[in-house]
Amino acid sequence: DTAVSQTPKYLVTQMGNDKSIKCEQNLGHDTMYWYKQDSKKFLKIMFSYNNKELIINETVPNRFSPKSPDKAHLNLHINSLELGDSAVYFCASSLQRTGGNTEAFFGQGTRLTVV
Amino acid sequence: QKEVEQDPGPLSVPEGAIVSLNCTYSNSAFQYFMWYRQYSRKGPELLMYTYSSGNKEDGRFTAQVDKSSKYISLFIRDSQPSDSATYLCAMSAWGNDMRFGAGTRLTVKP
């Protein structure tokens, strides 16, 4: 039973298109994230949601818009795709715990290629 | 200067060697320190977690944190080919705001 699942696993699209990546977790976690991993493996946080509320919004272009319909889902919509958006996008989830760290569980990643 | 610095390698060692992986950081507010392992085309998975300064051991893995030097390490004893992966350090200030290093790609040769 997959804990954090993302779809699609691979996405190839043309510049200028709009695309969405979906993420679902069945762990009962409160917090979900989107991370971007570039070709050099650098993993950078983009957004974090806690119980459907945005709590981290790093400096990303406003072409990227996260949407959390409920606390088990966090989707990422990208408008007007650019070549530089090509990367692997990881969804993750964790329990929210004030003052204490909890393990983040990652999905398998969505490899986005913009041509 | 990046918040978290990690030498991306690659690092290649023979089977059975002791591996030392390191990260430095600049944000003194970080108090949770983690090491994630990422196999090719997979998501990262938590390997070790340490709160504040000190050492933590789990089997062949030992994590060390020196907050005074803003320096963390992961040691792998008796390294195995199955340890070949990218190792990412991560740290956070209040629990959920993890910041990752660039990852070190490790290959253990039989």
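The values are calculated or read from the model by the stated rules, or taken from the named source; none is laboratory data. What you see is a predicted model, and the numbers here were worked out from it, not measured in a lab. Heads up, the Cβs are rebuilt from the backbone with ideal geometry, glycines too, and the neighbour counts pull from every protein chain shown. Side chains are part of the model used for accessible areas, which takes the heavy atoms of the whole protein and leaves out ligands, DNA and RNA. Shrake-Rupley method; radii C 1.70, N 1.55, O 1.52, S 1.80 Å.
A few comments on the model shown:
- Additional length obtainable on full extension of the chain from residue B:82 to residue B:11, 0.36 nm per residue less Cα span: 24.1 nm
- For the set B:67, A:40, B:109, A:71, solvent exposure ranked by accessible area (probe 1.4 Å, protein chains only) runs largest to smallest as A:40, B:109, A:71, B:67.
- Paramagnetic label zone (point 7 Å from Cα along Cα-to-C-beta, residue B:109; backbone N under 20 Å) in the stretch B:8-26: B:8-21
- With the Kirkwood sum run over all distinct C-alpha pairs, the stretch A:19-115 has a hydrodynamic radius of 13.6 Å.
- Across peptide A:34-45, the average count of Cβ atoms from other chains found within 10 Å of a residue's Cβ is 5.
- Close amide H partners of residue A:108, meaning residues 5 or more places away or on another chain with modelled amide H under 5 Å apart, are A:6.
- From the largest down, the stretch B:12-59 spans 36, 25, 21 angstrom on the principal axes of its Cα atoms.
- Hydrodynamic radius by Kirkwood, which averages 1/r over all alpha carbon pairs of chain B, in angstrom: 13.9
- Förster radius 22 Å - calculated FRET efficiency between residue A:9 and residue A:67, Cβ distance, rounded to 0.05: 0.65
- Computed from protein heavy atoms with a 1.4 Å probe, the total accessible area buried between A and B is close to 2100 Å².
- Taking every residue in B:38-47 and counting other chain Cβ atoms within 10 Å of its Cβ, the average works out to 5.
- Label-to-label distance for residue B:53 and residue A:22 is 5.0 nm, based on points extended 7 Å past Cα in the beta-carbon direction.
- Carbon plus sulfur fraction of accessible area for chain A, probe 1.4 Å, in percent: 48
- Relative contact order %, chain A, counting alpha carbon pairs below 8 Å whose residues are six or more apart: 36
- Percent of Cα pairs in the protein assembly as shown per distance bin of 10 Å, from zero to the largest separation: 8, 33, 35, 19, 4, 0.
- Three semi-axes of the equivalent ellipsoid, the stretch B:58-110, Cα gyration tensor, whole Å, largest first: 24, 14, 10
- Given B:2/B:56; B:42/B:109; A:71/B:70, the pairs whose alpha carbons are separated by over 23 Å: B:2/B:56; A:71/B:70
- Its residue count N fixes a reference of 2.2 N^0.38 Å for the stretch A:10-67, and the Cα radius of gyration divided by that reference is 1.25.
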